[in-house]
1. Mind listing whichever residues of region 61-81 are among the hydroxyl-bearing types (S, T, Y), closer than 13 Å to L44 by Cα and within 28 Å of the chain's Cα centre (by Cα)?
2. Exactly one of (1) surrounded by 16 or more Cβ atoms within 10 Å (Cβ to Cβ); (2) touching a Leu at 6+ places or on another chain (Cβ under 7 Å); (3) modelled with pLDDT of 75 or more is unmet by R253. Its number?
3. Return the residue satisfying two criteria in turn: it lies in region 88-118 and is acidic (D, E) and farther than 26 Å from G252 by Cβ, and of such residues it is modelled with the highest pLDDT.
4. Only one residue in L128, L165, L153, L177 is in contact with a Cys (Cβ under 8 Å, 6 or more places away or on another chain), closer than 24 Å to A202 by Cβ and surrounded by 15 or more Cβ atoms within 10 Å (Cβ to Cβ), so which one is that?
5. Give the residues of region 64-79 that are part of a loop (DSSP other than H, G, I, E, B) and in contact with a helix residue (DSSP H, G or I) (Cβ under 7 Å, 6 or more places away or on another chain), sorted by residue number.
6. Going by the structure shown, is R210 at pLDDT 80 or above, in contact with a helix residue (DSSP H, G or I) (Cβ under 7 Å, 6 or more places away or on another chain) and not aromatic (F, W, Y)?
7. List every residue pair whose Cβ atoms lie under 9 Å apart, where the two residues are 6 or more positions apart in sequence or sit on different chains, the first residue falls within region 41-63 and is within 12 Å of L73 (Cβ to Cβ) and outside any helix (DSSP H, G or I), and the second residue, located anywhere, is modelled with pLDDT under 90 and aliphatic (A, V, I, L, M).
8. Of all residues in region 59-89, which are of a type in the set (A, V, I, L, M, F, W, C) and in contact with a Leu (Cβ under 8 Å, 6 or more places away or on another chain)?
Amino acid sequence: MDRSYSPDASATSNPGAVNHGPIVTPFARALAILSAFTPVDRWLCNSDLSERAGIPASTVTRLTRTLLALGYLCCDSGKRRFRLGPSALALGYRAAADIEIHEAAHQRMHLFAERHRVHVHLCARNRLEVVVIDSCCTSTIPASLQPAIGTRLGLASSAAGWALLASLPDAERDYLLRSAALQPSRKWSEKWGHTGRRTSEAIGQIGQVREDGFCVALGQTGQPMTMVAAPVQLPGEAPLAVSCMGPSMLVGRARSERELGPALVRMAQEIQHSRALS
């Protein structure tokens with residue numbers, strides 16, 4: 001049996017979870033395959049899945065057969081491509097069914113977007129990536145510049161990722177940063193992930209979150225959007241992050257630090273408080 005793939009301990013959905021034993025490798029690999037799909041890339045072939053999940057092609061072939069049989073994948077046999085099936089979508093809808101947090105966040109995000117003229121998103125961690133789980137657009141910036149729901153960002157290379165890392169215990173945060181440094185660049189997440197950013201910058205930004213409550217990823221060459229993010233810490237649950245984005249010509253460092261960052265912290269606190277009362 002091929003054991004070249006060793007899922008990292010960050011595969012758990014609960015950052016505070018205790019590792020009570022070895023991970024079941026076939027199960028972790030199946031989840032990695034399901035996690036490879038995005039709103040943009042709805043159809044993927046075996047070679048795509050192998051590259052994105054970091055799993056040998058022969059193993060991917062065996063796993064896709066099983067996932068097909070169980071309804072987690074559907075197949076276009078003519079083109080030998082796969083997409084998520086009803087069983088996988090049902091799991092996603094159940095995970096998104098936390099009505100309280102979405103109700104607490106969405107209306108505030110919408111008001112924030114229009115008041116500050118920026119796009120706003122709510123993010124959660126998935127292993128070494130950050131996934132956008134809700135978003136609100138401002139009418140003053142093209143919607144095409146907004147990461148859609150399901151978009152993935154780098155955990156160690158995006159403002160939302162830094163905000164989430166700052167919410168974790170030091171030992172887990174350091175482990176994830178080391179793991180992210182060894183992770184190969186994913187072409188499909190580079191658009192929003194700022195993959196050129198170094199781990200040293202992540203450490204500095206994590207310190208800023210712990211000091212000021214937010215962090216800033218200024219737009220760079222080829223990445224003309226500035227992102228600002230703050231953590232949402234919910235007792236007993238995995239942390240989330242709220243972030244906003246705007247063109248760097250409109251969202252510079254001064255505005256990010258004086259206006260947007262403090263406003264995001266207030267919104268995060270409001271979301272936390274409303275959830276505590278529910």
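The values are calculated or read from the model by the stated rules, or taken from the named source; none is laboratory data. Because the structure is a prediction, the values reported are computed rather than measured. As a convention, Cβ positions derive from the backbone with ideal geometry for all residues, glycine included, and neighbour counts pool all protein chains shown.
1. T61, T64
2. (1)
3. For region 88-118, the residue satisfying everything is E103.
4. Of L128, L165, L153, L177, the one residue that is in contact with a Cys (Cβ under 8 Å, 6 or more places away or on another chain), closer than 24 Å to A202 by Cβ and surrounded by 15 or more Cβ atoms within 10 Å (Cβ to Cβ) is L153.
5. Across region 64-79, the qualifying residues are L70, G71, Y72.
6. Taking the combined requirement at face value, the residue satisfies it.
7. Short answer, once both residue conditions are applied: R42/L84; L44/A36.
8. Within region 59-89, V60, L67, L73, C74, C75, F82, L84, A88 meet the criteria.
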